[in-house]
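The values are calculated or read from the model by the stated rules, or taken from the named source; none is laboratory data. All figures in this text were calculated on a predicted structure; none of them were measured in a lab. All Cβ positions, glycine included, derive from the backbone under ideal geometry; neighbour counts span all protein chains shown.
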Amino acid sequence: MVVVQRKELTLAERLYLPEVLRGLSLTFRKFFEKPITRQYPEQPLPTDEVTRGQPRLVVKDDGNIACVSCGMCEIACPAYAITIDGGETDRMIEREPKKFEIDMLRCILCGFCEEACPKDAIFMSNELELADYTRAGLVYDIEKLKRPKSALQKRIDYVYRLNNRWRSKQ
Amino acid sequence: MEDFVKELPVWVLWVAKVAIIFGGLVATAALMSLAERKVSAWMQYRHGPNRVGPFGLLQPLADGIKFIFKEELIPAGANKFLFRLAPALAAIPAMMTIAVIPIGTIQIGETKIPFSIAQVDLGIMYMLALGGLSVYGAILGGWASNSKYSLLGGLRASAQMISYELTLILSILVVVALSGSLDLGAIVEAQRVNGLWNVFTPFGALAFVLFTIASFAETNRHPFDFAECEPELVGGFHTEYSAMRFALFFLGEYCAMTVMACLNTTLFFGGPSVPFWANAPWYVGILAFLIKAGFFLFLFIWVRWTLPRFRFDQLMRLGWKVALPIALANLLVVGAWVAFSTKGS
Amino acid sequence: MTKIQINGREVEADPKQPLIRACHDQGVDVPMYCYHPGLAPVGSCRICQVEVAAAPGQPSRVVAACRTPVSEGMVVSTDTPKAHDTRRECLEFLLKNHPLDCPICDKAGECDLQDYSFNEGQGKGRSSEPRRKLEKRKSLGDVIVLDEERCILCSRCVRFFTDVTKKAQLTVEGLGSRSVINTYMDKPLEGNYQGNLADICPVGALTSKKFRFQARVWNLSKTLSTCGECSRGCSISVEALRAKEVKRLRPRYNAAVNQWWMCDTGRHALAPLTRPLAPEGAVLGGRLRGAAVRGYNGLELADDVAALDLAADMLAAHPGAAVIVSPFATQEEAKAALALAQALKATPQFVSPAPNGLKDDLLHTGDPCPNRRGLVEQGFTALEPAAALAALAAAPAAVLAGERVLEFLGHEGLAKLPTKLRLVAFDVETSDIPALDVVFPVPTHVEKSGHWVNVDGHVGVLNVAVPPPSGVRRLDAQLAALAAKLAATPARS
Ligand code: SF4
Ligand code: SF4
Ligand code: SF4
Ligand code: SF4
Ligand code: FES
C-alpha cells in the first residue's frame, strides 16, 4: 500500500496570497527569457542519416531504379502501405516494377522496407514533409518515389555500417 | 477649435464619445485575445501567434474572419430562441457597464468635456445592476444547449457569480463609504482631492484585495474559471456554441474583464489622477488611466497563466467562509469609523 | 503392409512405395527434389537422405529415402545429426552454382530449394569457384522458359515427359558440371501438358511464360475449384492476386481425376475469368454490369426488379417458352432451371457444343461441357448449337441461362433469330442480339460456389475465388426469383 505523506503547510502557505505572489513573480521572470520554439518552416528540423523519413526508391547511376519488384518490402510493411505489380523487362535484372506505390498516409516510417530489401533499392530518405489536397495525391508512384542514389548516399552508407556491425558479431 | 466644439450640438459629442469608448472597448477585447496568447507564450518560452501581420498583430482580425465564416451549429433539442439570445445577454451587459466609467476629462481650451459616456449619480448602482445580468448569458446558454456539460457549466457559473457578487458589492461599498458618494466621478474626485488613492488606506487595501479576487470570479477567469473548466466540462456553458455566437461569449468575457480593470482603477487607484502631480494635463490623466487599467488587464492574464484552477468546493469555501466574512467585517468597521470620525469633526 | 519404425514410432508402410512416401504419410518431413510421387524415383539429388538401420540395434547408414524400399522392421531416423549433416552437405553442393535469384525468381515463396535452404542450409557459401554462367532466359516453346542457372538437374522435367506423356522431349545435355537441360535438337516443346513443368520443377528453373513476373506467390489467394474446359473436370486451385484478379490456375492432386496434372488448355483458360467490365453505363463491350432490357436504342441498363418483372410478364404472355442452359451450369443452377422449365412447361435442354478435337489419352476428353453428366442425370437433353438455334427460331419465347450460354449458341446464329421471339438471357456478356429482350448478369464459375459432375461421375467442387462484380447475383437465385415471379403473374393468352 502506498501511503502518501502530505506536507504540513505553513501559515504563509495556507494564507495562499504570499504563494500567489511567489508564483506571479516566477512567471514574470520567465516572461523575459528567450523563446526556445523552433520556427518550423523557416528553421527546418535538422536531419542526418539516422533520420527515418519517408522511404524512397534508389535510382542507380545508369538511370534505372534498383528495384526488381521482389515484393519483400511489400510483405514486410506492417502498415500495408506498399503495393507492387511486377513485370518483365529486357534489362539484366529481368523483372521490374510496373507499379510501385507507397501510400504515404499509411506509411508509419518504420523502415522495415529498407531492412527487407535484398537489392538496396529502397531507403529511408530524410524527407519528412507530407501534404497534399487529396488522398490520392499522397499515394506515391514510382516517379514520385525516385531519388538519385547520391541524395540517399549518406543513409545507404549508414545502413551498411549498421549491418556490418551486426554481421561482425555473428 | 474651442468655439467649434462649443457650437457642436450635444448629440454629436455623445455619438463621438460612444463611438470612441465602445470602439475602444471592443478593440481592447480583441487585442486582449491576442495579448492572452502572446503573454502566455512568453511566459512559456514560446513566440505566440506571429504569422498574421507584423508580430501577429492581425491575429484577432483573422480570428474574427474565421468566426464569421464558420458554420453555426444548433444542437438538436436545443431551445433555439434562448440559445440564440444567450450570447447577446452575455456580451451586451458587459459592454454597457463601461458607460459610467470616468476615463478622464478632455480639455479643449477652457472647455472641459468629461470623457465618459454618462455621468450618473448612481453610477455604481448602474454598474452592479447591469453586471448582475451577465450571469444570464452563462446560465441560459448552458441550459438552452441541451447538453449536460453546458448545463453543469451554466449552473456553476451562476452559483459562482452570485456568491462572489456579494463580496464584490461589499468591497465596493467600502469605497463608497470612504468617499461618500455613489457617483464614480465623485469617487475619483475624492481620491484626487485627498491625494490618497483608496488602495493606500488600510480598509481600502483590504477591500482592493477582496475586490480583485471577486472580480476574477465574476469574470469567470482563472483560477476561478469553473464555468468552462475544460478537463471536466469540455467547454462549460459554451460547449455547443460555434462561430460568431461563440465569439460573442468570448467578447463578453473580455469586455467584462476590461470593465473590471477600469473599475478597479477607478475605485482604488484614483482613476485618471496622477500621483504627485495634481494638475497634470488632461491627456496625461487619460494616459494614466489607460496604463492603470492596462496593468489590471495584464494581471488577469498573468494570474491565469500562473495559478492552477481551484476545486469547486474550494471556490465556494473561499467565497462564503473567507471572503464574505472579511468583506462584511471590513464594511462594518469602515462604516463605524466613517460614522464616528465625521461625528467627531 | 510392412511394419517399420520412423523416428521411434511404430508405423505401417506400403511395401510398394519408397521409404520417403512412408515418411510423408506419417507426417515426417523429408526434403526431396528429384523425387515426385507422380514420377519414377531416380535418386539423383540426395537431399532426401535419412539414417536407416535394418533392425533395432543394427548398424545404421545414410540412404536416399526415395530410392529405398521399405522392409519389415527397418528403423528410420530423419532427425539425427548425421542425417542433417549429410543433407546439409548435399544442399551446399546444390547451391554451389545456384544464383542468388530469389528476389526476381517466380518460384520464390513456393520453392523447395528456398525452403530447405532456410531450414537446413548455412548462411554463407564456402566455394571460391565462380558460379556457372548460363542462359537465363531460354525459351522452350510457347509455354515454358528455362533458366539454366537455377536448374539443379533433378531431372523431374525429363521424367515428366517419359513417364507421364510418354513422349520424351527433354534431356540432360552435356556431362558433369557442363550438364544443362535441353530439348532434343533444340526443338520447341510441344503437347498440351507443358505447363505442368513449371509446377513440378522444384526450383525456379522452369517458369510459365503466361505467369512470369505476374505476381508474387504469397500475394495469391488459393481457392479449391474445378477446371471447366472439358468434361474431365480436373481439380484445380484458382489463384488470384490479392483475392481480386485471377492470375493462375494450377492442378491440385486428385487421385480419382487428374492426379497431379492438368492440360494447358485448362491452365491458360484465364480470359473467360478475367473479362473486363463493360464501360460504365454501357451494356456491350465487356461484362454485363447489371440487368439490361431492350429499349428504343437497343439494350439499356435497367433496374433489376423492373427487368425481372418484364421477363416474367413476357414469359407469361407467350406460353410455350423453351429453356436452354449452358453446359457450364452447376448442379444447383440446373435444379433451379429445372423448376423454371416445369413452371413454363418446357423441356429442359442444354447446349452441347461439338467435341473440340483436343481429346488425348491422358486427361482431356475433348468435350467442352464440364457438367454434361450432371445435366443429363438431372434430365436435361443435350442440344447441338444448330439444333438449339432452330428450336429457338420456332419458339414464341425462350430462357437462355448460364455462363457463356450465348457464346456456345453462337452470337452469329443468335443475331439471325426473328425479333418476334421473346428472349430472356442470363449470361456474363452479351452481344447486340436483335431478338434479345431482357438480359441479366451472372457470375463466372470462379465467382460462385457449386458442383459439376465430370465424365466419370466424380463431383467437382466450385468455390468463390474472387468476388463477382457488385450487384451480380447467383444464377440459381435469379432463376428461382424468376420462377416465383412467374407463379405470381397471372397467365395471359
Ligand atoms: S517505412 Fe514501414 S510502413 Fe513505411 S512503407 Fe516502409 S515498411 Fe511500410
Ligand atoms: S524489397 Fe527492394 S527490390 Fe524488392 S520490391 Fe521492395 S524495393 Fe523492390
Ligand atoms: S529457384 Fe528457388 S532458391 Fe533458386 S532463385 Fe528461385 S526461389 Fe530462389
Ligand atoms: S529444370 Fe527444374 S525439373 Fe528440370 S532438371 Fe532442372 S530443376 Fe529439375
Ligand atoms: S529426392 Fe531422393 S534423391 Fe532426390
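Values for this structure:
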item: Subset of the range A:108-122 [part of a loop (DSSP other than H, G, I, E, B) and surrounded by fewer than 20 Cβ atoms within 10 Å (Cβ to Cβ)]; result: A:ILE108, A:LEU109, A:CYS110, A:GLY111, A:PRO118, A:LYS119, A:ASP120
item: Wholly within the range B:164-266, helices (runs of 4 or more DSSP H) carrying at least 1 residues that are under 21 Å from the mean Cα position of the chain (by Cα); result: B:184-194, B:202-218
item: Long-range neighbours under 9 Å by Cβ, at least six apart or interchain, first residue closer than 20 Å to C:LYS166 by Cα within the range C:34-50, second among the basic types (Lys, Arg) and part of a loop (DSSP other than H, G, I, E, B); result: C:CYS34/C:ARG46; C:TYR35/C:ARG67; C:PRO41/C:ARG67; C:VAL42/C:ARG67
item: Of all residues in the range A:81-97 being touching a residue at least 24 places away in the same chain (Cβ under 8 Å) and over 13 Å from C:ARG216 (Cα atoms), the one that is farthest from ligand 5 (Cβ to nearest atom); result: A:ALA81
item: Matching residues in the range C:178-222 - criterion: being charged (D, E, K, R) and assigned to a loop (DSSP other than H, G, I, E, B); result: C:LYS187, C:GLU190, C:LYS209, C:LYS210, C:ARG212, C:ARG216
item: Subset of the range C:231-253 [assigned to a strand (DSSP E or B), modelled with pLDDT under 95 and of a type in the set (S, T, N, Q)]; result: none
item: Output for the range C:201-227, where each listed residue is among the aliphatic types (A, V, I, L, M), within 14 Å of chain A (Cβ to nearest Cβ) and within 22 Å of C:TYR33 (Cα to Cα); result: C:ALA205, C:VAL217
item: Qualifying residue in the range C:56-65 (condition: under 23 Å from C:GLY176 (Cα atoms) and away from chain A (no Cβ under 14 Å)); result: yes
item: Residue within the range C:147-157 that is within 24 Å of the chain's Cα centre (by Cα), within 15 Å of ligand 5 (Cβ to nearest atom) and either under 27 Å from C:ALA22 (Cα atoms) or part of a helix (DSSP H, G or I) (or both) present; result: yes
item: Entirely in the range B:1-118, the helices (runs of 4 or more DSSP H) that have 3 or more residues that are within 14 Å of another protein chain (Cβ to nearest Cβ) and closer than 21 Å to B:ARG304 by Cα; result: B:10-43
item: Selected residue (only one of C:ASP101, C:ASP106 is crowded, with 19+ Cβ neighbours inside 10 Å, at pLDDT below 90 and outside any helix (DSSP H, G or I)); result: C:ASP101
item: Boolean, C:ALA395 is modelled with pLDDT under 95 and crowded, with 19+ Cβ neighbours inside 10 Å; result: yes
item: Residue tally, condition basic (Lys, Arg) and buried (at least 24 other Cβ atoms within 10 Å of the Cβ), over the range B:125-173; result: 1
item: Boolean, C:PHE161 is aromatic (Phe, Trp, Tyr) and closer than 29 Å to C:HIS84 by Cβ; result: no
item: Residue among C:PRO353, C:PRO370 that is under 27 Å from the mean Cα position of the chain (by Cα) and touching a residue at least 60 places away in the same chain (Cβ under 8 Å); result: C:PRO370
item: Any hit, the range C:110-122, residues being within 14 Å of another protein chain (Cβ to nearest Cβ), under 23 Å from C:TRP260 (Cα atoms) and not in a helix (DSSP H, G or I); result: yes
item: Close pairs from the range A:108-123: first in contact (Cβ under 8 Å) with a residue 24 or more places away in the chain, partner near ligand 1 (Cβ under 10 Å from one of its atoms) and of a type in the set (Gly, Ala, Ser), Cβ under 8 Å, at least 6 apart; result: A:ILE108/A:ALA79; A:ILE108/A:ALA81; A:LEU109/A:GLY53; A:CYS110/A:ALA79; A:PHE112/A:ALA76; A:CYS113/A:ALA76; A:GLU115/A:ALA76; A:ALA116/A:ALA76
item: C:ALA198 within 14 Å of chain A (Cβ to nearest Cβ), of a type outside the set (Asp, Glu), closer than 22 Å to C:CYS105 by Cα and away from ligand 1 (no atom under 16 Å from the Cβ); result: no
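Residue-wise test of (1) within 30 Å of A:LEU145 (Cα to Cα); (2) within 14 Å of chain C (Cβ to nearest Cβ); (3) within 16 Å of ligand 4 (Cβ to nearest atom).
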residue	(1), (2), (3)
A:GLN5	no, no, no
A:GLY23	no, no, no
A:LYS30	no, no, no
A:ILE36	no, no, no
A:GLN39	yes, no, no
A:GLN54	yes, no, no
A:VAL68	yes, yes, no
A:THR83	yes, yes, no
